[in-house]
There are 2 protein chains.
Amino acid sequence: MSEPVVVEVGLGTRAYEILIGPGLLERAGAEIVKRLPGARAAIVTDENVAAAQLQRLKDGLAEAGIEPAVIVLPPGEKTKNFEALQEVVDGVLAARLERGDAVIALGGGVIGDLAGFAAGIARRGMNFVQAPTSLLAQVDSSVGGKTGINSPRGKNLVGVFHQPKLVLADTVALDTLPLREFRAGYAEMAKYGLIDRPDFFAWLEKNWQEVFSGGPARIEAIAQSCRAKADVVARDEFEQGDRALLNLGHTFGHALEAAVGYDGARLVHGEGVAIGMALAHRFSTRMNLASSDDAARVEAHLKAVGLPWRMADIPSDLPDAEGLLSFIAQDKKVKRGALTFILTHGIGKCFIAKDVPASEVLSFLKENLPA
Amino acid sequence: MSEPVVVEVGLGTRAYEILIGPGLLERAGAEIVKRLPGARAAIVTDENVAAAQLQRLKDGLAEAGIEPAVIVLPPGEKTKNFEALQEVVDGVLAARLERGDAVIALGGGVIGDLAGFAAGIARRGMNFVQAPTSLLAQVDSSVGGKTGINSPRGKNLVGVFHQPKLVLADTVALDTLPLREFRAGYAEMAKYGLIDRPDFFAWLEKNWQEVFSGGPARIEAIAQSCRAKADVVARDEFEQGDRALLNLGHTFGHALEAAVGYDGARLVHGEGVAIGMALAHRFSTRMNLASSDDAARVEAHLKAVGLPWRMADIPSDLPDAEGLLSFIAQDKKVKRGALTFILTHGIGKCFIAKDVPASEVLSFLKENLPA
């Protein structure tokens, strides 16, 4: 295979590399042994990914003499709960893995978040390797060390910061993704352009079809996204400041996901983010922060690639504006009661707005909810 | 009240103070507000401690205008499990506490470990305050940031490193401790002398009766213990090296606790550590590392203060030597299959022994198990 693209995440003693390219699962053993000589391993995956990718990873590990324990979970967002966490931790301990051994997450964001959390708490922290198989996981959730599960009170409210030692983003795995899931990951790619890389957003507007069809443009877009995320994470690992910019679209998006009860048939995470980004731009227009041309440009691009971009695109009923606002207020990006949003002065000009009046949000939601 | 003794834990951006003295619960609000202005709070405690100390802490918080949420759990080691962890996390989220608010552990080691773990994972890490009410918690578990729960596969196998922002060791709380529990905490005090402070061990041999009866000698002994622990933690926060010295007596001790099913009626943690320390010294003698006079001195002191010091002191049956060894091998202080013990060249001369042959341990256990 050709050499993968390498993106460094500069975190001092916790620095690591993201490798991006086709065929990385087949060489997983060699890449792991290079960084963690002598380590044993447990793979955490879900039933769907296991069917498509598990044998490739096992073969890749076997070449380096690693015979992993394997923990297979049901697919879907509902697996991000305390019971599954306990099951993974117990599986890792049952395999008698030690701190220096590796927990490998093979799957999308759900598996990465859950397995990373388990690796962060089993024996108070074990080595962790991400092998993301969805676009969303490759460009977002596998990078940066945020791990966690959902609570009945909200999404990702429980977790730890636990950086991986290595990320293996095998682009072959993307070839079997359903189009809807690819699109959901694409929303997070577009997000990096909208936050602070206007040139990348413009590039996506021109090249999105090639990104969708595969080949060099796709690898380039994944690498650009990982670089964008790595830059933010290196500046602010524990989300004391700038890292919150990555939440563009997420405050509205999380509230919408909670409102549909995390029902992936109605709304998956990346779709919530897409609608949330469009709403954040439209809300910025309403607050006289940005021109409505920019909001329209965001909406048009999301629509062009086939992503939902307004609340009316979510099948069936949503709560009313007050109901949505209470989901927003429970979101963890709240500080002493003030509502924090990522708003924008235009494409690539996002900023953290810490004192957004709830009354303005409420009026905005009322105007934008479908009748 | 008189000014408390202050011990600094030097951890850079995570540095904090341990305050030691009578009446600290009554001034908890003032001390917390000084460090976390504007913070709201949740108290985590158990039924026994709540009856004796909760009102004192609530009054102390009320003076600073803090009205805490209160989460009360059943007392005992069995509470250190996933279900109780989930209950505490949910209670904290239900109170709508944010990252900058404080989870306060009011109780012994079980409550501190559990509440600290919950604080470490709720919203990916909230502020945490320790208000230890047992001697063991004041001299050991409340200092240094180790948090966790037990697994059916072993003690403290699941957890995180999460440093408190403040430790309030109110010595008034010790006056209502049962003697057996005070003794258990004393074992951890003696441990610091045995590890690398021979003068402190000699001081305890002379002054232990005053430490037990209360007054200045007790506060001095607690402060010396906290200083000893803080020194080790500052050198090695994440247990990559020296911190393992604090496990003196714990490898044998954990195995014995597991062997009795964590039944506190038969063996509490500090008692396990006492027997474990005596065994570690006696095993060091058997390995020709230390003189048997030193082992005898340790045994004599533990016996003098009324602590168990040999396996025969545990009521009712234990597993056989093979059974105990398998509990030892599952203990987390294992690296790539080799057994790691804290052994000693004499009083105050402990070291980390990484390649202890299992066969030697097995023979030693056979010789020392009661017939």
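Worth pointing out:
- Taken over region B:99-133, the criterion of being within 17 Å of B:V33 (Cβ to Cβ) and free of Cβ contacts under 8 Å to residues at least 40 places away in the same chain is satisfied by B:M126, B:F128, B:Q130.
- Scanning region B:200-208 turns up no residue that is under 19 Å from B:V143 (Cβ atoms), part of a helix (DSSP H, G or I), of a type outside the set (F, W, Y) and within 18 Å of the chain's Cα centre (by Cα).
- Scanning region B:207-229 for residues that are buried (at least 21 other Cβ atoms within 10 Å of the Cβ), within 15 Å of B:A169 (Cα to Cα) and small (G, A, S) yields B:A221, B:S225.
- Where a residue in region B:137-155 is within 16 Å of B:E188 (Cβ to Cβ) and its partner, wherever it lies, is of a type outside the set (S, T, Y) and assigned to a strand (DSSP E or B), with Cβ under 6 Å and at least six apart: B:Q138/B:P132; B:Q138/B:A169; B:S142/B:Q130; B:S142/B:P132; B:S142/B:V167
- Of everything in region B:280-312 that is among the acidic types (D, E) and within 21 Å of B:N247 (Cβ to Cβ), the residue that is surrounded by the most Cβ atoms within 10 Å (Cβ to Cβ) is B:D294.
- Verdict on A:G270 being under 24 Å from A:F161 (Cβ atoms) and touching a residue at least 24 places away in the same chain (Cβ under 8 Å): yes
- For region B:78-103, taking the residues that are closer than 25 Å to B:E181 by Cβ and surrounded by fewer than 18 Cβ atoms within 10 Å (Cβ to Cβ), the one that is farthest from the other protein chains (Cβ to nearest Cβ) is identified as B:K78.
- Counted residues, region A:109-163 - those being assigned to a helix (DSSP H, G or I), of a type in the set (G, A, S) and either within 8 Å of another protein chain (Cβ to nearest Cβ) or closer than 23 Å to A:L256 by Cα (or both): 5
Throughout, read-outs are computed from the coordinates displayed, never taken from laboratory work. All values derive from a computational prediction rather than experimental measurement. Positions of Cβ are backbone-derived with ideal geometry, glycine not excepted, and every protein chain shown enters the neighbour counts.
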